[in-house]
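The values are calculated or read from the model by the stated rules, or taken from the named source; none is laboratory data. Since we're looking at a predicted model, the values are computed, not measured. In this analysis, Cβ positions are derived from the backbone assuming ideal geometry, glycine residues included, and neighbour counts consider all displayed protein chains. Just so you know, the surface numbers come from the protein's heavy atoms only, side chains and all, with ligands and any DNA or RNA stripped out. Shrake-Rupley method; radii C 1.70, N 1.55, O 1.52, S 1.80 Å.
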Amino acid sequence: MSRRAIVTTLLGTILLAGCSDGNDKAEVEEVNLYSARHYDSDLPLYDRFTEETGIKINRIEGNADQLIARMKSEGENSPADLFITADAGALWRAQEAGLFQPVESKILTTRIPENLREPDGNWYGFMRRARIVTYDSAKVKPEEINDYAKLAEPRFRGKICVRSSDSVYNLSLVGALIEAWGQEQAGKWVRGIVANMARPPEGGDRDQIRAVGAGVCEVALTNSYYYIRLANGDDEADRKLTERVKLGFPSLDGKGAHINISGGGVAANAPNKENAIRLLEFFTSAEVQTHIAAENNEFPASPDVAAPAPVDAYADFTANPMNVSRFAVRQPEAQSLMSEAGWR
Ligand code: FE
């Protein structure tokens, strides 16, 4: 056998060994995504990521609390690589349970403003959603709802619609008020809102907006994207009601509207950590932010990603610069204030 032939044979053996090895241990690059985002509009993004990187996404869906419980019970052996959800409070609960590891990524810190990520890199936002109001423009003047504090005043006795206190969106908003004002003043506000309710909390945000349209209440607390969807959706009655029912952006201490995020963090024991970071970076890309803004009507998190239609028409507002982790940690306090006040 010539020397060259020997080398070739050896190489072949090594390659074959590599192949047979790959049969037990997956050679396909993959990433296990635990997702509490349940939007069909996200699906093409997952295909796109695989196309771009060759990394296959295994998706496990559930609501945030289910997925957090699952990761807890799986413990160190959890296959979870990346957990994404649509509320800073849920991300904080996962962090508190030790389910994340801090991640350093120049891409993430460059794209995502400091106030929209956890200071130690445990989780990062990639979309923004404002918790604001819709109001009946025939009955309410814009200056009457330009401050969260005003919503709790006697002017709105029996005029406000809002969903229940187990909504993480409400918990995060009240958490932000506690962070800004302290327990006592935030507690007063919560009691004021309970006194101002037009009816006991029922339904989701869309139901509150429609209740304003039906004259049940004059003002409703809602996330921005629900209104934008009704205003631009296929349902003619919904579109019609948004001609009179308007979106208003109350300010917190004159610093802007309360901002929550869709975001994610890399799992503490991620078996595919590098792929998890790549997927999280992918979520913060201009392409993904633009896609989710257009399809799901959230706002881009990066200031240099322009809001596409239809959210562009609503994007020109002042966003409160409070770090999302500041109100997220206050969800338990918010919960007790709200239960004490009888906000069911
Ligand atoms: Fe939502």
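Note the full-extension length gain between Arg70 and Val28 as 0.36 nm times their separation in residues minus their Cα-Cα distance, in nm to one decimal.
Details: separation 42, 0.36 × 42 = 15.12 nm, distance 2.49 nm.
So the extension gain works out to 12.6 nm.
In summary, the helical segments of the chain meeting the span-like criteria, namely a full DSSP H run, a Cα extent along the axis of 27 angstrom or more and a mean Kyte-Doolittle hydropathy of at least -1.0, are 3-24.
Run the accessible area of the stretch 237-281 with a 1.4 Å probe and give the carbon-and-sulfur part as a rounded percent.
On the way: 750 of 1660 Å².
Solvent-exposed carbon and sulfur of the stretch 237-281 make up 45 percent of the total.
Using C-alpha pairs under 8 Å with a sequence gap of at least 6, the mean separation divided by the residue count of the stretch 227-293 gives a relative contact order of 13 percent. Of the residues Val329, Ala301, Gly342, the one whose Cα sits farthest toward the positive end of the charge dipole of the stretch 289-344, with +1 on the Cβ of Lys and Arg and -1 on the Cβ of Asp and Glu, is Gly342.
Given a Förster distance of 22 Å, report the FRET efficiency between Arg344 and Asp147 from their Cβ-Cβ distance, rounded to the nearest 0.05. Using R0 = 22 Å, I get an efficiency of 0.30. Shape class of the stretch 232-279 from the Cα gyration tensor (axes a ≥ b ≥ c, square roots of the eigenvalues): oblate, since a/c reaches 1.5 or more and a/b does not exceed b/c. Contact order for the chain, expressed relative to its length and based on alpha carbon pairs under 8 Å spaced 6+ residues apart, stands at 27 percent.
Solvent-accessible surface (1.4 Å probe) assigned to Arg191 amounts to roughly 130 Å². Over the C-alpha trace of the stretch 264-310, radius of gyration and Dmax come out as 12.7, 39 angstrom. On full extension, the segment bounded by Arg157 and Thr53 gains 31.9 nm, given 0.36 nm per residue less the C-alpha separation. Ignoring everything but the protein chains, give the 1.4 Å probe accessible area of Ser285 in square angstrom, nearest 10. Surface open to solvent at Ser285 totals about 20 Å².
Per residue, how much accessible surface does the stretch 107-212 expose to a 1.4 Å probe? Answer in Å², no decimals.
On the way: 4020 Å² over 106 residues.
On a per-residue basis, 38 Å².
From the Kirkwood radius over Cα pairs of the chain, Stokes-Einstein at 25 °C and 0.890 mPa s returns a whole-number translational diffusion coefficient of 114 µm²/s. Placing unit charges on the Cβ atoms only, positive for Lys and Arg and negative for Asp and Glu, gives the stretch 222-344 a dipole magnitude near 380 debye about its Cα centre. A straight Cα-to-Cα reach below 19 Å connects Lys150 with the lysines Lys139, Lys141, Lys159, Lys188, Lys246, Lys255, residues fewer than 8 places away in its own chain not being considered. Full extension of the segment from Ala306 to Thr318, taken as 0.36 nm per residue of separation minus the current Cα-Cα distance, would add 2.8 nm. Normalised by residue count, the stretch 199-242 yields a Cα convex hull volume of 66 Å³ per residue.
Think of each Lys and Arg Cβ as +1 and each Asp and Glu Cβ as -1; about the Cα centre, that makes the dipole of the chain roughly 700 debye. Inter-label distance, Lys188 to Asp120: 3.5 nm, where each label sits 7 Å from its Cα along the C-beta direction.
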